[in-house]
Amino acid sequence: MQHGPAVRRRKLGAELRTLRGRAGLTSGEAARLVGWHQSKVSRIETGASGVKPADVRLLLDAYGVDDAQLRDLLLALAGSGGAHGRDHWWHAYKGVLPPTYRDFISLESQAGAMRTLETSVVPGLLQTPEYARAVTRAAVEGLDEDRLDALVEVRLARQDVLRSHPPLVLSAVLDEAVLRREVGGPEVMARQLERLMDAARLPQVRLQVLPFAAGAHIGITGPFVIFSFSSTSDLDVVVLDHLTSSLYLERKEDVEAYTEAFNALQFYALSPKESLDYIAVIGDGV
């Protein structure tokens, strides 16, 4: 279990170690190929130190890695332009965003797919500007208007991943409480429910509602996000949000446990078509 920035270093290092092994090289042999000391390769592979994109390219070339998608992903983890062509736009908000939030956005930008359980609020990628403002104001006390505006801008800018090429594939299970909780007033909530219905019709979005009638379920302990990467499942990570921080679960057994939990939630939730109808009914009553 690691906090944000360390996750990328550890995952990048682990993947580079795997690729070195596949190339049949020891860490000492790899170091000699690129003109380094063996200790530098070891520090990179254990995540003890960061690594520049240029150094990652050297290693990938030495290991004979020509998979363009995998190279792009690993370079993105090292800090180059985002995978799938998504640039690191959030750096412009460095003075506004805490490191854990920046790291979450980085993973979101690099991932090929995202699975999320939401129990309280609409997922950030599907929020309207008015809803995002109301949620942000409630979640962070004492915000001045300029900082509030910046945080809402970030929330809306994140949504570009659903329109990129290729787009992020989003699968979301929403507890019925998300739809019933009035955020920002009736008009704001009505527009938000309309936005959910529009999003549910997108080919890259699978939206399901878990109704109250489903009773207690495996997700009642809280929301979570699973980021998946198309090049390799070894980089998948689970994110758990808390009030002041986020926890990142990267062990294979943790990712598998949350994946099984999400699959179970999808099974007990309404189908996408039923969910769309359910949201429409709730929206008519707002």
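The values are calculated or read from the model by the stated rules, or taken from the named source; none is laboratory data. Bear in mind that the values here come from a model prediction, so they are computed numbers and not experimental data. Note: ideal-geometry Cβ built from the backbone for every residue, glycine included; neighbour counts use all protein chains shown. Protein only, heavy atoms only, side chains kept; ligands, DNA and RNA dropped before computing areas. Shrake-Rupley method; radii C 1.70, N 1.55, O 1.52, S 1.80 Å.
Between helix 186-200 and the chain there is an angle of about 50 degrees, using the helix long axis and the longest principal axis of the Cα atoms.
Dividing the summed -39500 (n - 2.57) terms of all DSSP H runs of n ≥ 4 by the residue count of the chain sets its mean residue ellipticity at 222 nm at -15500 deg cm²/dmol.
Of the solvent-accessible surface of the chain, computed with a 1.4 Å probe and all protein chains present, 53% belongs to carbon and sulfur. Both radii were evaluated on the Cα set of the chain; the Rg over Rh quotient, with Rh as the Kirkwood radius, amounts to 1.01. In the elastic network of the chain, a GNM with C-alpha springs shorter than 10 Å, the most mobile of Leu25, Leu107, Leu247 is Leu25. For the chain, the longest principal axis of the alpha carbon atoms and the long axis of helix 4-22 meet at an angle near 50°.
Taking the DSSP beta bridges with both ends in the range 91-284, the antiparallel portion is around 50 percent. Hey, what angle do you get for helix 145-158 against the long axis of the chain, alpha-carbon based, 0 to 90 degrees rounded to 10? That works out to roughly 70 degrees. Return the tail of the calculated pair distribution for the range 142-193, meaning the percent of Cα-Cα pairs more than 13 Å apart. Looking at the range 142-193, the distances longer than 13 Å represent 73 percent of pairs. Backbone geometry of the range 53-69 corresponds, through the Karplus equation with coefficients 6.51, -1.76 and 1.60 at θ = phi - 60°, to 3J(HN,Hα) couplings of x, 4, 5, 4, 4, 4, 5, 4, 5, 5, 8, x, 7, 10, 5, 4, 5 Hz, x marking Gly and Pro. In this simple spin-label approximation, Leu143 and Val281 carry label points 7 Å from Cα along the Cα→Cβ vector, and these lie 3.4 nm apart. Computed with a 1.4 Å probe over protein heavy atoms only, the accessible surface of the range 5-78 comes to 48 Å² per residue. When restricted to Cα atoms, the range 5-78 yields an Rg and a Dmax of 10.9, 29 Å, respectively.
Among the trypsin sites (Lys or Arg not before Pro) within the range 23-129, those in coil by DSSP and having at most 15 neighbouring Cβ atoms inside 10 Å are Lys94.
Largest GNM mean-square fluctuation across Gln69, Gln110, Gln192, computed for the chain with C-alpha springs under 10 Å, falls on Gln69. For the chain, a Gaussian network of Cα nodes joined below 10 Å ranks Glu145, Glu194, Glu260 by mean-square fluctuation, and the top entry is Glu145. The simple spin-label model puts a point 7 Å past each Cα toward its Cβ; for Glu256 and Asp198 those points are separated by 4.2 nm.
If I take all pairs of Cα atoms in the range 118-229, what percentage of them are more than 21 Å from each other? That fraction is 40 percent. The translational diffusion coefficient of the range 53-168, from Stokes-Einstein at 10 °C and 1.306 mPa s with a Kirkwood hydrodynamic radius over alpha carbon pairs, comes to 101 µm²/s. A straight line joining the Cα centroids of the range 20-53 and the range 111-189 runs 40 Å.
So if we plug the beta-carbon distance of Glu29 and Glu153 into 1/(1 + (r/R0)^6) with R0 = 45 Å, what FRET efficiency do we get, rounded to 0.05? For Glu29 and Glu153, the calculated efficiency is 0.40. On the beta carbon distance between His37 and Ala14, with R0 = 35 Å, the FRET formula returns roughly 0.95.
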